[in-house]
Amino acid sequence: MSSEITLSPRELLYVAALLDAAEFLGVSDAFFGMEDDEIQQEMMSLQTSLEQKGYAEMDFDGGFSLRDDVAETVDVCVNCDTFVVVDKNKTGKPPVRELYYAKAGRIIMLKEIDGTSVLTQIPGTVALLGFVTQDIEWQAPPTITPLQNVLLSNALLAGIKQRPSDGLKILNENGCDELSAKAIIDGLSGNSSYYAMVITVFEGEQEGVYNAMLIDSPNGVYKMTPVTKDDKESVLFEPLTVQQAGMVMSNLINASFPQESEGFE
């Protein structure tokens, strides 16, 4: 399997269609709005571009076949048993979304770079954690955090989003100190970095959905966890150090991936 494959969004979906994929999780429809005859014509161009890239071959009888490693790479994505979405919203920088697909011990990262879909093979869960965390730039202090443990209702948080100028007062009235309130408001308004990871396991003992949402402020990291208390939908803001935040991501990956699969570290 090639370590990296570069495709246009339409080439990616065309390859998936050749593999009879019913859907491609996390990937938008690059053919949206096109008529059937336009799509058919575009497919001929896609065959040509894939052949020119060396990802496919066309024989003298008009038969079209994908290179094995290209087909295998995309097959991991469209028939995955584990699907990972990582959102990185760093202060002052464009948001980044990374998609990871795992099947039978193989992991593929899909990342959009300048309008191009880049598929990269990841050798195992240790490497996966490295890719997830390699460009995270923590603002929080490395070892201690002065933030409070806070439980806030969804209704209260919605009110703060609607009236951010009143957010500090509202949070103070609900028991937040100044630093904690500012960290929460900055997180809700996008003035602090925000990292989220959602892992969906479709089968096996680990089947289920696992997630972590982290606000990174200069005063500390908040882990956000949805909870229900007294019949109210709320969010628990749990303060973490940078080291603890890293462990949250590591534990999430270790808990959700089928470690017995061949190829995982």
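The values are calculated or read from the model by the stated rules, or taken from the named source; none is laboratory data. Please read these numbers as outputs of a predicted model, since none were measured by experiment. Cβ placement follows ideal geometry from the backbone for every residue including glycine, while neighbour counts extend to all protein chains displayed.
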Kindly indicate which of Y210, Y222 is hydroxyl-bearing (S, T, Y) and within 17 Å of the chain's Cα centre (by Cα).
-> Y210
When the residues of segment 76-85 are filtered to those that are of a type outside the set (F, W, Y) and in contact with a Phe, Trp or Tyr (Cβ under 7 Å, 6 or more places away or on another chain), which remaining residue is surrounded by the most Cβ atoms within 10 Å (Cβ to Cβ)?
-> C77
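Looking only at segment 171-186, how many residues end up being surrounded by 18 or more Cβ atoms within 10 Å (Cβ to Cβ) and either farther than 20 Å from G220 by Cα or without any contact (Cβ under 8 Å) to a residue 24 or more places away in the chain (or both)? Walk me through it before giving the result.
First, the residues of segment 171-186 that are surrounded by 18 or more Cβ atoms within 10 Å (Cβ to Cβ): 171, 176, 180-186.
Subsequent filtering for residues that are either farther than 20 Å from G220 by Cα or without any contact (Cβ under 8 Å) to a residue 24 or more places away in the chain (or both) retains 171, 181.
The number of residues fulfilling the criteria is 2.
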Tally of residues being in contact (Cβ under 8 Å) with a residue 60 or more places away in the chain and not small (G, A, S) across segment 113-135 = 12
Restricting to segment 53-71, what's the tally of residues that are touching a Lys or Arg at 6+ places or on another chain (Cβ under 8 Å) and either at pLDDT 95 or above or of a type in the set (D, E) (or both)?
-> 1
Single condition L152 does not satisfy, out of (1) part of a strand (DSSP E or B); (2) hydrophobic (A, V, I, L, M, F, W, C); (3) under 17 Å from the mean Cα position of the chain (by Cα) = (3)
How many residues does segment 29-46 contain that are surrounded by 11 or more Cβ atoms within 10 Å (Cβ to Cβ) and either hydrophobic (A, V, I, L, M, F, W, C) or under 29 Å from the mean Cα position of the chain (by Cα) (or both)?
-> 7
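Each row is one residue, and each column tells you yes or no for (1) surrounded by 11 or more Cβ atoms within 10 Å (Cβ to Cβ); (2) not polar (S, T, N, Q).
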| residue | (1), (2) |
| --- | --- |
| E11 | yes, yes |
| V27 | yes, yes |
| T48 | yes, no |
| D59 | no, yes |
| T91 | yes, no |
| P95 | no, yes |
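Applying the selection to segment 64-78, what residues are polar (S, T, N, Q) and under 22 Å from the mean Cα position of the chain (by Cα)? I'd like the intermediate steps shown before the answer.
Keep residues of segment 64-78 that are polar (S, T, N, Q), which gives 65, 73.
Within segment 64-78, T73 is the sole residue that qualifies.
When you check Q121 against the structure, is it modelled with pLDDT under 90, surrounded by 14 or more Cβ atoms within 10 Å (Cβ to Cβ) and at negative phi, yes or no?
no
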Among L99, L128, which is out of contact with any Ser or Thr (no Cβ under 9 Å at 6 or more places or on another chain), under 15 Å from I253 (Cα atoms) and modelled with pLDDT of 95 or more?
-> L99
What about L151, is it of a type in the set (A, V, I, L, M, F, W, C), closer than 28 Å to L188 by Cα and either surrounded by fewer than 20 Cβ atoms within 10 Å (Cβ to Cβ) or out of contact with any strand residue (DSSP E or B) (no Cβ under 8 Å at 6 or more places or on another chain) (or both)?
-> yes
Qualifying positions in segment 48-100 - free of Cβ contacts under 8 Å to residues at least 60 places away in the same chain and either aliphatic (A, V, I, L, M) or touching a Cys at 6+ places or on another chain (Cβ under 7 Å) (or both) | L50, A56, M58, L66, A71, V76, V96
Inside segment 63-94, the number of residues satisfying the requirement of being at negative phi and part of a loop (DSSP other than H, G, I, E, B) is 9
Within the set of pairs 6+ apart or on separate chains, which have a first residue in segment 187-208 that is within 23 Å of C77 (Cβ to Cβ), a second that is among the aromatic types (F, W, Y) and not in a loop (DSSP other than H, G, I, E, B), and C-beta atoms under 6 Å apart?
-> I199/Y210; T200/F83
Go through segment 95-114 and count every residue that is under 15 Å from the mean Cα position of the chain (by Cα) and outside any strand (DSSP E or B).
-> 1
